Amino acid sequence: MMSFFGVFVLILIVLLLIFFHFYYWCGIRVRRLISSIPGYTETESWAFSYEAAILPTEGVLSFLEKVFGKHTSLCSMWFLGVPYVNLSSPGNLEALLKSVQHITKGREYFILVPWLGDGLLTSTGAKWHAHRKMLTPAFHFRILESCLPIFNRNAQLLIKILQDNFADEKILNVDTFISLCSLDIISEAAMGVRLEAQLQKHSTLEYVNGVKRMGQLCLNRGKSFYLVKDWVYSLTPEGREQKRLLNMLHSFTENVIKECKHKRMVAKENGTTDQQPTAFVDILLEMSENEPGLFTDVEIREEVDTFIFEGHDTTSASISWSLLLLGHDQTVQEKAYNELCSIFGNSDRPATKQDLTKMIYLEAVIKESLRLYPPVSYMSRTLDSDLKLEKHIVPAGANVLFIPYLLHRQSQLYPDPEKFDPDRFLKLDTNRHPFMYIPFSGGPRNCIGQRFAMMEMKVIISHILRHFRVQAVTKREGLKLIFSPILKPMDGIYVTLYKRS
């Protein structure tokens, strides 16, 4: 019989062979390909990994600028043993984003899975392709137009709140109020539920605060590499808090789905089912009824939760940034206001679909704001197969990232890039590369709700400008930016509102 020592040696040899195969033999090709890409060695990258791990939230942007800012094409580095490649040229971004193969989101998106599950934002492969194809009709212009009353009603409530509390030249953190308005809009559009977050209704306040807190917890976990494993995170105070919040948020959405199902059943029994559904959850339920098994209740909940997450903070942040930039440039603001006067005159009426198409200059203002402060300023993909870029091959398994905030500030793409200049988007430039501007990402995995977001931004900003002149208090210089899933200033966006006569 083999001695204990012999068994130990045999096991050790097997383990060494496995290590050699997976780490060295399979990894040697990856290392060779990554080493040919401009960037940082593994030794240099370990120093960056340590620096990133201890960064405060407001230091992430400066760190990314330091690491990737001087590279205008490709830059490689390693983070905790994983190769990362940053793309910063429109041509390379086009090769990645237009591909129907490279659609798997980056490793960083794991922080959202407990909340959003396998919804449209986090899913990949056949499931993502199938759901994207089925959900695209839910964002048809006809359905988006039916959301206009929701946009207008909540924007008008926002104006009333601002007039009652801040119209006598008080300073306010405008993002707080825009965020609540946007949450009211997305909740009604996605779930058919009027949260009335702007009115601080106690019946839904727990859900409102839960959505906000969940975003904070996801950010905190995302920048702490030692919390990657679920079982480790579950042992922490924040992990236990997230579990309680998830139970509450998921239960809320599930109860809404049950209520919608009951209403649809009653309507069907009464023969009143001809009305076109407008709430996102109703559209999903109708799809599921027409083709049983298409969406399970869990999948419907995941898509509704995803829509609320993606359509809440992103839109409100974009509106707040637009107001800050307008508040710093009174000439641009006056142009936007004059355009609105030519559309509405002295009327206080809601905005219509036809009105929105006439807001050409305001749309340019919003686009320029999205260039300077794209709400989603960091995106990534994990490659399932090799990707050829220029003379390089980025190997399967690499995490490929792209940072719109840095891309949009390249002087060779945008002369005087820090200048707020909406005219950039009024000129028809046939030489403009389609992937030099990606606030909504690009290619097949672009933001499915971008038209919804643009309509909402136009409605809310137009209502505010028709009633107030905005004067910025927060300075652009020296802003401490929270480079989280959503780009926001750490100390808020403060403005003063002056009633228009």
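The values are calculated or read from the model by the stated rules, or taken from the named source; none is laboratory data. Please read these numbers as outputs of a predicted model, since none were measured by experiment. A quick note on method: Cβ atoms are made from the backbone with ideal geometry, for glycine too, and the neighbour counts reach across all protein chains shown. Side chains included, ligands, DNA and RNA excluded: accessible areas come from the protein's heavy atoms. Shrake-Rupley method; radii C 1.70, N 1.55, O 1.52, S 1.80 Å.
Odds and ends about this structure:
- The one condition in (1) modelled with pLDDT of 85 or more; (2) among the charged types (D, E, K, R); (3) surrounded by fewer than 18 Cβ atoms within 10 Å (Cβ to Cβ) that K201 fails to fulfil: (1)
- Scan of the stretch 287-302 for residues that are open to solvent by 60 Å² or more (accessible area, probe 1.4 Å), charged (D, E, K, R) and either free of Cβ contacts under 8 Å to residues at least 12 places away in the same chain or more than 13 Å from V256 (Cα to Cα) (or both), ordered by number: E289, E291
- Tally, over the stretch 177-201, of residues that are over 18 Å from the mean Cα position of the chain (by Cα) and of a type in the set (S, T, Y): 0
- Looking only at the stretch 255-274, and only at residues there that are more than 36 Å from the chain's Cα centre (by Cα) and assigned to a helix (DSSP H, G or I), the one that is modelled with the highest pLDDT: V266
- Restricting the stretch 342-352 to residues that are part of a loop (DSSP other than H, G, I, E, B) and within 18 Å of A155 (Cα to Cα), the residue that is most open to solvent (accessible area, probe 1.4 Å): N346
- Spans of strands (runs of 3 or more DSSP E) in the stretch 381-496 with at least 3 residues open to solvent by less than 20 Å² (accessible area, probe 1.4 Å): 399-402, 468-472
- Enumeration of residues in the stretch 66-100 that are touching a helix residue (DSSP H, G or I) at 6+ places or on another chain (Cβ under 8 Å), at pLDDT below 85 and of a type outside the set (G, A, S): F79, L80
- Of the residues F63, F20, F48, F8, the single one that is modelled with pLDDT of 85 or more, in a helix (DSSP H, G or I) and out of contact with any Pro (no Cβ under 9 Å at 6 or more places or on another chain) is F63.
- The listed residues are L235, L219, L249, and the only one of them that is of a type in the set (A, V, I, L, M) and at pLDDT below 85 turns out to be L219.
- Near pairs, Cβ below 8 angstrom, 6+ apart or cross-chain, from the stretch 321-346 (free of Cβ contacts under 8 Å to residues at least 60 places away in the same chain and over 23 Å from L172 (Cβ atoms)) to any residue that is β-branched (V, I, T) and open to solvent by 10 Å² or more (accessible area, probe 1.4 Å): E339/I360
- Unique match (being within 20 Å of the chain's Cα centre (by Cα), under 22 Å from I186 (Cα atoms) and either modelled with pLDDT under 85 or assigned to a helix (DSSP H, G or I) (or both)) among I283, I319: I319
- Note on the stretch 353-378: among residues that are open to solvent by less than 50 Å² (accessible area, probe 1.4 Å) and hydroxyl-bearing (S, T, Y), the one that is farthest from A155 (Cα to Cα) is S377.
- Of residues in the stretch 218-236 being assigned to a loop (DSSP other than H, G, I, E, B) and farther than 16 Å from E51 by Cα, the one nearest to the chain's Cα centre (by Cα): V228
- Within the stretch 140-151, the set of residues being crowded, with 19+ Cβ neighbours inside 10 Å and assigned to a helix (DSSP H, G or I) comprises L144, I150, F151.
- Meets criteria (polar (S, T, N, Q) and either closer than 30 Å to L245 by Cα or assigned to a loop (DSSP other than H, G, I, E, B) (or both)) for S99: yes
- Selection count where residues are modelled with pLDDT under 80 and open to solvent by less than 90 Å² (accessible area, probe 1.4 Å), scope the stretch 23-45: 2
- Screening F252, F225 for residues that are open to solvent by 40 Å² or more (accessible area, probe 1.4 Å) and under 21 Å from I186 (Cβ atoms) leaves exactly one candidate, F252.
Yes/no per residue for (1) in a helix (DSSP H, G or I); (2) closer than 17 Å to L383 by Cβ; (3) open to solvent by 20 Å² or more (accessible area, probe 1.4 Å):
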| site | (1), (2), (3) |
| --- | --- |
| F110 | yes, yes, yes |
| D118 | no, no, yes |
| H131 | yes, no, no |
| A138 | yes, no, no |
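- Members of the stretch 158-181 that are over 11 Å from I464 (Cα atoms), open to solvent by 20 Å² or more (accessible area, probe 1.4 Å) and in a helix (DSSP H, G or I): I161, D164, N165, F166, D175, T176, F177
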